[in-house]
Each structure stands twice: as structure tokens, then as C-alpha cells.
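In what follows, a single structure is set out as C-alpha cells and then discussed.
The values are calculated or read from the model by the stated rules, or taken from the named source; none is laboratory data. Just so it is clear, the structure is predicted and the values come from calculations on it, not from any experiment. Don't worry about glycine lacking a Cβ; one is built from the backbone with ideal geometry, like all the others, and counts go over all protein chains shown.
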């Protein structure tokens, strides 16, 4: 007769005071170390301006939680992993700030979804944004009529920005937004102005 050995399961509520003390100690020490590293690295480290920043924030949270809970990861290993992630984020942000081609790859480009009160179907389809979502962004800015809006832009961090027609001279904030076909908003507007004239 074959006897099957019982599979050992971890305790559901409580295992030992050692594990409780270890978790509390790692939480305090790890949190202090993480805050210190983030303060040293600067405010840019925690800004969610693009997809890399979002991934960084998620990864830091995951590593920090694993360091606290997992018994197989030591404090030094967890802090080394966090320091590596922060270092990668600093290098990427420095590259984006100094090299235009790297900035386009890392940050991407904002997309124009609505121009002068008119939706741009190709842009909406490409970015998987509905007209209702654009209208909701317009309403959240206190505007009733879509026709009163100069532009709605999908930013690099996934938010929708609503812009109005400029009241005076100056450079447009839409200069880096793209339209379907790869053109720039400013280039498109200049062409339309020449056509009208």
C-alpha cells in the first residue's frame, strides 16, 4: 500500500514572532533606505511622464514588497535591486534630456485627437480612444461645446489635455503633437493657413 505524504502548507494566520519582527524591521529599514535613495536621485525619479516612468514606479513597488515579505530575499539584495532600478531611470532621463532621438524613443510623442472642434478619426482609432472619452475630458475642463475647443491631445503619460485658441502671439504648446501621417500640428496649421490665403 502506497502512502502519500501530506503536503505542508504555511500557517494561515500566524507562524512565529520572528517572522513578524523580521517583516516589521525590513519595512522600517527598507522604507527609510528607499526614501533616502529617492531623495538623492531627485524629483524626476518619481514623475510619471512616460511609459518608462510608469514601469519604474510599478517595478520599485514590486521589488520593495518582495524585499519585505519574501524570506528568500535579504535586505541588501532588495536595496541593491532598487538602486539598480533608480540608476536605470536616471540614465534614461538623462539621455532623453540630452539626445533628441533618444527623447523620441523614450518619451514618445503626444497625439492630436481633435483639432478646431473636429475629431480626427484616424488618430482616435490608432490610439484606441473613443469620442466619448474626448468629450469627457472637454467637460472636465468646464467646456460645453466641442466646437469651442482648439485641440485635444493625448499626452505621453496617457492623460488628455484640452487646449484653446491662443489670444496673443507666441509659440504654440502643440508644437510636438503629431497628426496621422507623421506630421506636426504646427506644420499642418501653416499649410491650412496658406491654403486659406
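Residues 124, 154: which one is in contact with a helix residue (DSSP H, G or I) (Cβ under 9 Å, 6 or more places away or on another chain), modelled with pLDDT of 60 or more and within 24 Å of residue 92 (Cβ to Cβ)? Break it down stepwise before answering.
Values: 124 fails: within 24 Å of residue 92 (Cβ to Cβ).
Of 124, 154, the one residue that is in contact with a helix residue (DSSP H, G or I) (Cβ under 9 Å, 6 or more places away or on another chain), modelled with pLDDT of 60 or more and within 24 Å of residue 92 (Cβ to Cβ) is 154.
So which pairs qualify, if the first residue must be in region 124-139 and assigned by TED's automatic domain parsing to the domain that holds residue 114, the second must be assigned to a loop (DSSP other than H, G, I, E, B), the Cβ gap must be under 8 Å, and the two must be at least 6 apart or on different chains?
So the pair list comes out as 124/130; 126/180; 138/149.
Quick check on region 1-21: of everything there that is at pLDDT below 90 and surrounded by 10 or more Cβ atoms within 10 Å (Cβ to Cβ), which residue is farthest from the chain's Cα centre (by Cα)? Before the answer, list the steps.
Step one: of region 1-21, the residues at pLDDT below 90 are 1-20.
Filter again for surrounded by 10 or more Cβ atoms within 10 Å (Cβ to Cβ), leaving 15, 19-20.
Details: 15: 39, 19: 35, 20: 34 Å.
Per the criteria, the residue is 15.
Quick one: which of 29, 35 is in a helix (DSSP H, G or I) and either under 17 Å from the mean Cα position of the chain (by Cα) or loosely packed, with under 13 Cβ neighbours inside 10 Å (or both)? Walk me through it before giving the result.
Numbers: 29 fails: either under 17 Å from the mean Cα position of the chain (by Cα) or loosely packed, with under 13 Cβ neighbours inside 10 Å (or both).
Residue meeting the stated conditions: 35.
Is there a residue being closer than 27 Å to residue 158 by Cα and free of Cβ contacts under 8 Å to residues at least 60 places away in the same chain anywhere in region 70-82? First the steps, then the outcome.
Start the filter on region 70-82 by keeping residues that are closer than 27 Å to residue 158 by Cα, which leaves 82.
Narrowing further to those that are free of Cβ contacts under 8 Å to residues at least 60 places away in the same chain: 82.
Yes, there is a match, as at least one residue in region 70-82 is closer than 27 Å to residue 158 by Cα and free of Cβ contacts under 8 Å to residues at least 60 places away in the same chain.
Any residue at all in region 109-116 that is surrounded by 13 or more Cβ atoms within 10 Å (Cβ to Cβ) and in a helix (DSSP H, G or I)?
Going residue by residue through region 109-116, those that are surrounded by 13 or more Cβ atoms within 10 Å (Cβ to Cβ) are 109-115.
So of that shortlist, the ones also in a helix (DSSP H, G or I) come out as none.
No, region 109-116 contains no residue that is surrounded by 13 or more Cβ atoms within 10 Å (Cβ to Cβ) and in a helix (DSSP H, G or I).
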